[in-house]
Amino acid sequence: MNKRIGVLLSGRGSNFEALAESVAAGRIPNAEMAIVISNREGAPGIERAKARRIPTRVIPSKGLEREAYDRLVAAVLDEHQVDLICLAGYMRLLSPYFVAKFPNRILNIHPSLLPSFPGLESQRQALEYGVKFAGCTVHFVDENLDAGPIIVQAVVPVLENDTEASLSERILKEEHRIYSEAVRIVLEGKYKIAGRR
C-alpha cells in the first residue's frame, strides 16, 4: 500500500516538482502524490501538479482566520487520506489546531541551516551576518516557527561575490535533493522523534 503525500504550496512549486519527480522515479519508493493544495489562486505550482495529473485544490485564504482556514485544508487532506504533509513554499503559519491534528506528519523545507535564520529572507540574513556557510534544512513542523526536529540539512558555501539571488539559487538545488531524501527517511520509518514510540 503506497503512502500518500499531500503538498501545501503558495507559489511556483519547485520543491513540489522535485518531490513529484522523485516519487515518479522511485527515489521515494511506495509513495504517491495524493493532493496538492494552494492558498493562492493562480499559483504556478497548481498548474505543475495538473500537468502531472495530480489532484489539486485551491482554497483561497484571504479574509479567513487562521484556524478556520486550516480546518478547510485539513478536511481536504483527510478526504484524500494523506499520510504525510509536505510544505513547499507555503507562505502561511499553521494553527495549533492543524499541528495537533497531524502530529509528526508535517514536513517543511527552510533555506537556512536552522536554528540559524528562521522566518523570511534567510539568505539575506545569512549574507548580512557574514556567515561562510549557508544551506537548507528539512524539519518536522511544530507550533513554533521553523523550530521542529531536524531531519536532514545540506551545507552550501557562501562565495565572496554571492548575492541573495545567486546564493538562493545554489541553496534551492540542495533543497530539491534533500527534501526527497527526508521524505523517504520519514516514510520508511527511519527517523524517530525523541520520546515518540
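General remarks:
- Test result for Arg53, touching a strand residue (DSSP E or B) at 6+ places or on another chain (Cβ under 6 Å), farther than 23 Å from Val138 by Cα and either in contact (Cβ under 8 Å) with a residue 12 or more places away in the chain or outside any strand (DSSP E or B) (or both): no
- Selection of the stretch 110-155 for residues being hydrophobic (A, V, I, L, M, F, W, C), open to solvent by less than 50 Å² (accessible area, probe 1.4 Å) and either over 20 Å from Pro96 (Cβ atoms) or outside any strand (DSSP E or B) (or both) yields Leu113, Leu114, Phe117, Ala126, Val131, Ala134, Cys136, Val138, Val141, Ile151, Val152, Ala154.
- Index of the failed condition, Glu164 passing every other in (1) more than 28 Å from Lys101 (Cα to Cα); (2) open to solvent by less than 60 Å² (accessible area, probe 1.4 Å): (2)
- Qualifying residue in the stretch 61-84 (condition: assigned to a loop (DSSP other than H, G, I, E, B), open to solvent by less than 70 Å² (accessible area, probe 1.4 Å) and charged (D, E, K, R)): yes
- Sub-7 Å Cβ pairs linking a first residue in the stretch 160-173 that is farther than 16 Å from Ser14 by Cα to a second residue that is part of a loop (DSSP other than H, G, I, E, B), at least 6 apart or interchain, are Leu167/Val158, ordered by first then second residue.
- Qualifying residue in the stretch 89-105 (condition: closer than 19 Å to Ile185 by Cα and either open to solvent by less than 60 Å² (accessible area, probe 1.4 Å) or over 18 Å from the mean Cα position of the chain (by Cα) (or both)): yes
- Scope the stretch 90-109; condition touching a helix residue (DSSP H, G or I) at 6+ places or on another chain (Cβ under 6 Å) and either among the charged types (D, E, K, R) or not in a helix (DSSP H, G or I) (or both); matching residues: Ser95, Lys101, Ile109
- Among the residues of the stretch 41-50, those identified as free of Cβ contacts under 8 Å to residues at least 40 places away in the same chain, closer than 21 Å to Ala31 by Cα and either open to solvent by less than 80 Å² (accessible area, probe 1.4 Å) or touching a helix residue (DSSP H, G or I) at 6+ places or on another chain (Cβ under 7 Å) (or both) are Ile46, Arg48.
- Among residues that are part of a helix (DSSP H, G or I), within 15 Å of the chain's Cα centre (by Cα) and under 22 Å from Phe98 (Cα atoms), Ala182 is included.
The values are calculated or read from the model by the stated rules, or taken from the named source; none is laboratory data. Source: prediction; values computed, not measured. Glycine gets a Cβ as well: all are built from the backbone with ideal geometry, and neighbour counts include every protein chain shown. Side chains included, ligands, DNA and RNA excluded: accessible areas come from the protein's heavy atoms. Shrake-Rupley method; radii C 1.70, N 1.55, O 1.52, S 1.80 Å.
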